[in-house]
Amino acid sequence: MTVHKIYPVGFAANSYIVTEDGVSCVVIDPAQPRILEKCRELGLTPEYALLTHCHYDHIGGCGALWGQGVKILCGEDEKDLVFGEDNRAIFHGITIPHFEIYKTLSDGEEVELCGMKFKALFTPGHTRGGVCYVSGRNIFSGDTLFCESVGRTDFATGSYRQLVQSINRLYALEGDYKVYCGHEDDTTLEHERMYNPYVNKRNA
């Protein structure tokens, strides 16, 4: 698996373009329309997009991808939030480009996309239906877990109690994982277990 991290320009999240065969790819959290062009620059054809949650800074590029036939997936408890009033209100009524959800994933469900397996783990807290995706020894954490930080819980459907439970669920995974975060730097699960000032083994 090759992971291409695309940093945002202006207001947006990190996006990840993931490929196994160097031809097709999966986009995780397509934050901006330019992600489509980034795929083309890499010589990759996007076939699927995985959403960790519905916030606009993570889904702003979905319309451009969906318009090219890309199939978009998210957690089953998040689908109704994508175009909900609360989501638009967070971003001051911003218009979300139209797209449709191809498939929703249940907790623990594994799908094979472009020759790669992704397992959806429900990790509510930042939003009610947020998920992380586990593929091999990689976790795509969205806004659940950051490098020595955690996601905000003061938005609609957020819950700090749930977020702590979700992060501890990640910590319970066996061994170490590379963690690709929704914002800022990457990290590892073991580093967060030990040094995350919000949730770690030392203050468990």
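Just so it is clear, none of the values below were taken in a lab; they were calculated from the coordinates. Model, not experiment: these values are computed from the prediction. Here the Cβ is made from the backbone with ideal geometry for all residues, glycine too, and neighbour counts use every protein chain on show.
Points to keep in mind about this one:
- Of the residues V82, I28, G125, the one whose Cα sits farthest toward the positive end of the charge dipole of the chain, with +1 on the Cβ of Lys and Arg and -1 on the Cβ of Asp and Glu, is G125.
- The value of relative contact order for the range 53-204, using C-alpha pairs under 8 Å at least six residues apart, is 18 percent.
- Out-of-range pairs (alpha-carbon distance over 23 Å; input K103/K178; K5/K178; K38/K79; K38/K119): K103/K178; K38/K79; K38/K119
- Per the Debye formula on identical point scatterers at the alpha carbon atoms of the range 67-192, with no solvent, log10 I(q)/I(0) at q = 0.14, 0.22 Å⁻¹ is -0.64, -1.40.
- If the segment from Y7 to R40 were pulled out straight at 0.36 nm per residue, it would be longer than the present Cα-Cα gap by 10.3 nm.
- With R₀ set to 41 Å, the beta-carbon distance separating M194 from D21 gives a calculated FRET efficiency near 0.70.
- Cα centroids of the range 13-50 and the range 165-188: 22 Å apart.
- Across the range 5-128, the volume of the C-alpha convex hull divided among the residues equals 95 Å³ per residue.
- Segment D176-S106, length gained on full extension (0.36 nm per residue, minus Cα span): 22.8 nm
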